[in-house]
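Participant: Here's a structure for you.
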There are 2 protein chains.
Amino acid sequence: MKLVFNFILLTLVLLWSNKSQAQNTYYQHVDPFIGSQGEGNVFVGASTPFGMVKAGPDVNQAANSGYDANLALELHGFSQIHVSGTGGGPKYGNILLMPYSGDFAQIQQRSTRNNEQARAGYYSAQLDKWQITAELTTTNKAAFHQYTFKDNHQNAIKIDGGFFLGEKKTPDAREAQQFVGSEVDVISTSAIKGYSRIRGGWNNGDAYTVYYYAMFDQPCQKINTFKGNTIYVDQTSQYDSAEKTGAICLLSNHHHKQVKVKIGLSFISTAKAKHNLLNEIPHWNFEDVVQQSQQQWDKLLSRITIDNDTADSHKKMFYTALYHTLLMPVDRNGENPKWNAQPYYDDFYAIWDTFRTSSPLLTLISPQRQAQIINAMLNIYQYEGYLPDARSGNSNGRTQGGSNAAIVIADAYVKEVSGINYRMALKAMIKDATIPPGGNGEKEGRGGLADYNRLGYVSNNFVRAGNRTLEYAYNDFALATVAKGIGRNGEYHRYLAQADNWQNLWRNIENNGATGFIMPKDDQGRWVNSISCNSTEGRFERITYTPLAQDWPNCVCWWCGFFYEASSWEYSFYVPHDIAAVIEKSGGANAFEQRLNTLFERDFYNVANEPSFLTPTLYHWINKPALSSQRIHHIIDQNYNSSRHGIPGNDDSGAMSSWLAFNMIGLFPNAGQPYYLINAPYVSSTTIKLANNKIFVIKAKGLSHRNVYIKSAKLNGKPYNRAWLQHSDIINGGELILNLDDKPSKWGTKTPPPSKSIPGR
Amino acid sequence: MKLVFNFILLTLVLLWSNKSQAQNTYYQHVDPFIGSQGEGNVFVGASTPFGMVKAGPDVNQAANSGYDANLALELHGFSQIHVSGTGGGPKYGNILLMPYSGDFAQIQQRSTRNNEQARAGYYSAQLDKWQITAELTTTNKAAFHQYTFKDNHQNAIKIDGGFFLGEKKTPDAREAQQFVGSEVDVISTSAIKGYSRIRGGWNNGDAYTVYYYAMFDQPCQKINTFKGNTIYVDQTSQYDSAEKTGAICLLSNHHHKQVKVKIGLSFISTAKAKHNLLNEIPHWNFEDVVQQSQQQWDKLLSRITIDNDTADSHKKMFYTALYHTLLMPVDRNGENPKWNAQPYYDDFYAIWDTFRTSSPLLTLISPQRQAQIINAMLNIYQYEGYLPDARSGNSNGRTQGGSNAAIVIADAYVKEVSGINYRMALKAMIKDATIPPGGNGEKEGRGGLADYNRLGYVSNNFVRAGNRTLEYAYNDFALATVAKGIGRNGEYHRYLAQADNWQNLWRNIENNGATGFIMPKDDQGRWVNSISCNSTEGRFERITYTPLAQDWPNCVCWWCGFFYEASSWEYSFYVPHDIAAVIEKSGGANAFEQRLNTLFERDFYNVANEPSFLTPTLYHWINKPALSSQRIHHIIDQNYNSSRHGIPGNDDSGAMSSWLAFNMIGLFPNAGQPYYLINAPYVSSTTIKLANNKIFVIKAKGLSHRNVYIKSAKLNGKPYNRAWLQHSDIINGGELILNLDDKPSKWGTKTPPPSKSIPGR
């Protein structure tokens, strides 16, 4: 039997190799524009996987990625550092390059653009005003700009150290990026270095400094510098006097119409930026860098191969979803100005968004990379005191719903990701669980923890008390998971007990036919029925708090409601470790089914946000996986597509995208636990190439738009009757065959997925 | 009458002017070596008042100021940034210069030194090994080194960006400074720039970067660079790869035996360091810079003139005490890499040390400067969230006994220091008083505040619970003071009530004849009789907690005792706002007198630390000011002198020195309240030149070593019978005549100083 199975595996490996050769241009299925219109806020410029440098167009200074689809808006230029898919106040947009022609008297130079093209690792556009074609590509720490001018008279390229996204008139506005300083130094007729120092932004972070070293492939006729609004024609450097500075390379009768600029970036120094540039782009071949980037993308994207016959739109959706997931966090090894320990990653933006599906997806594709990222998180804990819940520009913050790094760690642990010091990790998790961050609750740690640990719930003395109680309970389950695994029984029992804390806010009230909701309670243990809203017309308003109430942002600030970015209707399902208990408390399976139906049918469900990521699959726990499948297909068909509007809500560093990617291949993770829910996929065949060189294949037989139900399944040739799969089944390699049908079946209706079950080790 | 008095004032102004001319070399009375032996830890190098740059000898890498009096130790060189008088793990010691001769193969070059000389603004020593004379002087942001070699063959000057104080073998040891990165770039044969990036140190602060730009007055024959332990003869720069770097200027057959090096420093960039250098030292005249520094010192020191006939040793003690007080915090306007708001001061090290006498002394000498410093503190609050209790290297931390910035603000407020936004200041104080710093309690804010605000005291759940309760109570009095003044009655009443919180830990127990002590209590309100000590021999030890018990550092860590750096015997007197209540609770005046006597006679008093700064004057409150006078004279005579051992304990940025300076002129402040206790001075005449151009003169008639008691007094010609003086009496200008005697008198025995009294405005 074993021999036979090995033979099957070997065949699969060979099959995969062939496919791989046939499809070694996965990057071609990536369309960076998906999600660039609407609220997706994705980055459309050039980046390598997890690239520190993300060079792209800055169309709108108030836009999170710098990009705005509106072609009527005038582009500011192309800056080197961006994030993708974020919301709130923008971050980065540093070191802006802008080519222009003709008028050299103005520092400010803008133009509309057309003919935009974007691929993985490549972006280009034409600047209407001057008919300049701009092309961008990047390595991890350097960008390569190629500008083709209309002719070789009177052209210029500006390097602007004073540009950044999210500047506001109010100097210290919250979430606004604020200028601290900048410097420029002309090295020769073809080299300029300098920096830009910025603070604030979405996470209200400390100042960060982006250093650059730029080289031109041909000498500038002259390089002027500028400071504030003044151009200094005779000064080759501007020191940092807390003003905006930059330089302008004047090109007149230059040799080629095409001018290449390569620019190294660093968070350490201009010399490090130069080193990064010469180390990563030692030549002037633009195409080579593009290809190198594409190869890097292909290496990662090829870890999951979908059937070649998949509809182009689905191929695009799937590989772009992978692409978006792999843009962040960013690899900043050797680029941390605060301490030296490696590895270092930044732009966890935010873990609350990405722990649910992005982390599990990366664990599946590249557990080594996931280990590096977690080790970077542990370094942050060791050197700065707390794990990040979010982090950007070398500063932790802002915590979102629940400070969920614990789940990222537990997810890696249960999936046996190696190369992580899990004892250290448990220490970091326990820090989060025991030491309140006090006045720094917005930055890191568990806000409201003093209440949580004293009362068993976060009282209405603290903002976001509802989601914090729920999420801390699940975080505690994650702690118990790791504690059990490494034999720390005291902590295991303590945190397993605390994992029930969500029940302390479960109130037996009825709303829209459902019973039992997470509701606010004061620190004396009394339920809170009404909440105070901003005073209007000279009196304080109190409004009844209901499971559908959204106190934010009208009654209280965005971050100050009882729930963060969702209602009790959505959040009362958020007990990922004990759905069985939620079902029981909701009145049993039938009541729970009705409750789920109500959520979706009455639009209480918000597709555009993370709290309900797991919810469409909860039918699995009442042994009706067919209904999960149906919901997921409905959600995807209604909300995701391959157009520029193809992502509902902010992509959140790829969180929405990774949700889609998993569901398209018929698997959905419950992060922090070692299994996947099985649903009807969107592709007839998926091959996952695992880190151990084994492969796992999912085949969907009878795939069609109507066939969204699974009739039967086989795992490695044997009937498989559970609607969920262990992670170990995947990493051991093998084949899952799903037979699809157009109506619900009895398949998977016997054994619901686990509830409150921690695997032994 | 008014006319007559104006005439007196005029006469005094004229007298003062004459004196001023006669004594316009106050700096000559400064001996930077006072306190350089023993535990004083003072900085002996060159600095301007509040100078950012403090260039001095680094003899011992484990020494706080870099200095060690031991002449047998080999000097490492002369680095540019230091602190003075601090304890705990060292900070700074950045950018080391070292001249040497002969052996160029070694990077490490050390020599013993002799013939050390130090004056305000000047330091010199001879390096034995090579017979090189090194002389140093500084401006605020630049240092000037003048090296005279034995001859002009085979010499060298090293600039070491990898040197710093307090490095430990354990990479991340607490309070150790840790290397992050460094860079060097040779600009020409006579200019070198670079930086050193260091984290940690005493306050466990974030990384700070010291940039430099150094110029030689004659070309180096060659400049080599080094990285790690390797000299690179053909490389003119070393980029930051997280290794130690530097450069060596080789001087062979150079023009002059004397080589001058001037070096600009900056916390912003090398270009800013260059700007600072050229802006502050645009020439090569070493003597000019020395004189400029001396003038700056004289300008401040001359604000208090003591009688010219004063014994030299007392003159030295007094002006050196002023000098030590005016070294820190340091003026870093325009040098904050985190945000731009001005003014900016750093190296509050620590306010717990300096609020008692250093801040009041500066308020007397230069209220404008004190306003700048407080505005810098408010900027720190605005940009980083909390006022500093201590701060160094652009990072708040570590909080000491009580987070006492509130008292600095109240002290300025009651003394009507203008140019401060006191409404903003109250906001900052209230932040301290209401928002617990959580896991960052070591960095800023009030640790244990959750207890304090809930229970009215800090329970033994928190470290340093005793002093925190006492000090927060006095901080609250400071809040009430400012709140009352600006008409915030709600806060006034709330914090005035909280100012009694010290009583919640007052336990009626007897010890050494005294009754009532601040003792530990648990969070259930039960007194705690014994404390757990480190386990020894396999069992947990519990020891009885008594008013003399010192649980730290043997039972618990240095910062973890019930009291910080003192016993209950000392701390139970620490109620600066309500001594009357302490007297009453101690059993009345007689019992209190006995209690004070016991403290001093049985050596329960620690002269070398701040908690008991006010205690010797407490006899004033039982109407026996003569006993205060007697104690103070005894303490000074026994513990202070003009020798290198002349300061008891760490000088703490001048805290011990400012205590001495006040007591030498017969005034002692109760910081945060608008009055001074009067005692017999050490000088027969003191003239204070006030910011409003008025002068206040204190004359001590009958001054002698035996006459330590005041027999009678006159203020502006009228009998003055209180042993304390309002600040307004001083700033209105005038004359206080004290008649001294060798035995206690009835003077000042009728009206004790205020208790729980907040002045209206």
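The values are calculated or read from the model by the stated rules, or taken from the named source; none is laboratory data. Note that the coordinates shown come from a computational prediction; the quantities given were computed from them, not determined experimentally. In this analysis, Cβ positions are derived from the backbone assuming ideal geometry, glycine residues included, and neighbour counts consider all displayed protein chains. For the accessible areas, the whole protein counts, side chains as well, though only heavy atoms, and no ligand, DNA or RNA atoms are used. Shrake-Rupley method; radii C 1.70, N 1.55, O 1.52, S 1.80 Å.
Participant: What gaps in nm, shortest first, separate A:L71 from its twins in the other copies when you place the label 7 Å past Cα toward the beta carbon?
Facilitator: 8.5
Participant: Can you compute the FRET efficiency between A:S188 and A:N70 using 1/(1 + (r/R0)^6), with r the Cβ-Cβ distance and R0 = 56 Å? Round to the nearest 0.05.
Facilitator: The value I calculate is 0.90.
Participant: Moving to a separate point now. Which whole-number percentage describes the relative contact order of chain B, with Cα contacts under 8 Å and a sequence gap of 6 or more?
Facilitator: Once divided by the residue count of chain B, the mean separation gives 12 percent.
Participant: Pop a pseudo-label 7 angstrom from the Cα along the beta-carbon direction at both B:Q117 and A:D637 and give the gap in nm to one decimal.
Facilitator: 9.4
Participant: Separate question: Excluding residues fewer than 8 places away in the same chain, name every one of the lysines whose C-alpha is closer than 22 Å to that of B:K222.
Facilitator: Filter leaves B:K150, B:K158, B:K193, B:K244, B:K257, B:K260, B:K262, B:K274.
Participant: Could you work out [θ]222 nm for the protein assembly as shown from helices alone, using -39500 (n - 2.57) per DSSP H run of at least four and dividing by all its residues? Round to the nearest 500 deg cm²/dmol.
Facilitator: -8500 deg cm²/dmol
Participant: Once both labels are modelled 7 Å past Cα along the beta-carbon direction, what's the B:A242-A:R174 spacing in nm?
Facilitator: A separation of 3.6 nm, rounded to one decimal place.
Participant: Still on this structure, I have one more. Mind listing the label-point distances from A:R423 to the same position on all other copies, shortest first, one decimal in nm, points 7 Å along Cα→Cβ?
Facilitator: With the label placed 7 Å along Cα→Cβ, A:R423 yields 5.7 nm.
Participant: For A:E135, A:E442, A:E287, write out the residues from largest to smallest accessible area, computed with a 1.4 angstrom probe and no ligands counted.
Facilitator: Solvent-accessible surface, decreasing: A:E287, A:E442, A:E135.
Participant: Find, among the residues of chain B, the one whose Cβ sits nearest the axis of the rotation taking B to A; state the distance in whole Å.
Facilitator: Rotation axis B onto A, closest Cβ, rounded to whole Å: B:G438, 1.
Participant: Keeping all protein chains in place and using 1.4 angstrom, which order do B:H29, A:H153 fall into by accessible surface area, from largest down?
Facilitator: A:H153, B:H29
Participant: Below 8 Å, C-alpha to C-alpha, sequence gap of six or more: please give me the relative contact order for region B:606-736 in percent.
Facilitator: 20
Participant: Between A:A105 and A:D128, take the C-beta separation as r, use R0 = 25 Å, and let me know the FRET efficiency to the nearest 0.05.
Facilitator: 0.75
Participant: Straight-line reach only, C-alpha to C-alpha below 21 angstrom: list the lysines that B:K711 could link to, leaving out same-chain residues fewer than 8 apart.
Facilitator: In chain and number order, the partners are B:K624, B:K699, B:K701, B:K743, B:K746, B:K750.
Participant: Would you check the accessible area of A:L548, probe 1.4 Å, heavy atoms only, in square angstrom rounded to 10?
Facilitator: We get 70 Å² for A:L548.
Participant: Nearest 0.05, what FRET efficiency do B:E287 and B:A341 give at R0 = 45 Å with Cβ-Cβ as r?
Facilitator: Efficiency, from the Cβ-Cβ distance: 0.75.
Participant: List the residues whose amide H sits under 5 Å from the amide H of B:D523, counting only those 5 or more places along or on another chain, with H placed 1.01 Å from N in the peptide plane.
Facilitator: Amide H neighbours of B:D523: B:N460, B:N461.
Participant: Then there's this: Indicate the residues belonging to region A:233-257 that lose 50 Å² or more of solvent-accessible heavy-atom surface (probe 1.4 Å) upon moving from the chain alone to the assembly of all protein chains, ignoring ligands and nucleic acids.
Facilitator: The answer is A:Y239.
Participant: I've got another one for you. Per 0.36 nm of contour for each residue apart, how much would the distance between B:Y232 and B:D603 grow if the chain were fully extended, relative to their Cα-Cα spacing?
Facilitator: Gain on stretching B:Y232 to B:D603: 127.6 nm.
Participant: How much solvent-accessible surface does B:Y195 expose, in Å² to the nearest 10, with a 1.4 Å probe and all protein chains in place?
Facilitator: 10
Participant: What list of ³J(HN,Hα) couplings, whole Hz, do you get for region A:238-248 from phi and the Karplus terms 6.51, -1.76, 1.60, once you set θ to phi - 60° and write x for glycine and proline?
Facilitator: Those phi angles translate into 10, 7, 7, 10, 6, 10, 7, 10, x, 9, 10 Hz.
Participant: With each pseudo-label sitting 7 Å past Cα toward Cβ, what's the A:S704-A:T751 distance in nm, one decimal?
Facilitator: Distance between the two pseudo-spin positions: 3.2 nm.
Participant: Once the label point is set 7 Å along the Cα-to-beta-carbon vector, what list of distances in nm do you get between B:E287 and its counterparts in the other copies?
Facilitator: Nearest first, the other copies' label points are 7.2 nm away.
Participant: With every protein chain present, what accessible area does A:K260 have (1.4 Å probe, heavy atoms only), rounded to the nearest 10 Å²?
Facilitator: 40
Participant: Could I ask something else about it? Rounded, prolate or oblate: which one fits region A:102-209, using the alpha carbon gyration tensor with axes a ≥ b ≥ c (rounded when a/c is under 1.5, else prolate when a/b beats b/c, else oblate)?
Facilitator: Here region A:102-209 falls in the prolate category.
Participant: Using a 1.4 Å probe on the protein heavy atoms, what percent of the accessible area of region A:33-163 belongs to carbon and sulfur?
Facilitator: Using a 1.4 Å probe with all protein chains present, region A:33-163 comes out at 41 percent carbon and sulfur.
Participant: Tell me, which residues of region B:328-353 get at least 10 Å² less accessible area when the other protein chains come in, versus the chain alone (1.4 Å probe)?
Facilitator: B:P337, B:K338, B:W339, B:N340
Participant: Percent relative contact order of region B:191-291, based on C-alpha pairs within less than 8 angstrom and at least six residues apart?
Facilitator: The normalised contact order for region B:191-291 reaches 29 percent.
Participant: Please give me the summed charge of the neighbours of B:E135: other residues whose Cβ is under 14 Å from its Cβ, Lys and Arg +1, Asp and Glu -1.
Facilitator: Net charge around B:E135: +1.
Participant: Can you work out the accessible area per residue across region A:170-312, with the rest of the protein chains kept in place, probe 1.4 Å, in square angstrom?
Facilitator: On a per-residue basis, region A:170-312 sits at 37 Å².
Participant: Return the residues of region A:428-444 for which accessible area with all protein chains present is lower than in the chain on its own by 30 Å² or more; set the probe to 1.4 Å and exclude ligands, DNA and RNA.
Facilitator: At a threshold of 30 Å² (probe 1.4 Å), the residues of region A:428-444 that become less exposed are A:G439, A:N440.
Participant: Tell me, what ³J(HN,Hα) does each residue in region B:594-610 have, in order and in whole Hz, if you take phi through Karplus 6.51 cos²θ - 1.76 cosθ + 1.60 with θ = phi - 60° and put x for Gly and Pro?
Facilitator: Values, residue by residue: 4, 4, 4, 4, 4, 3, 7, 6, 9, 6, 7, 8, 10, 5, 8, 8, 7 Hz.
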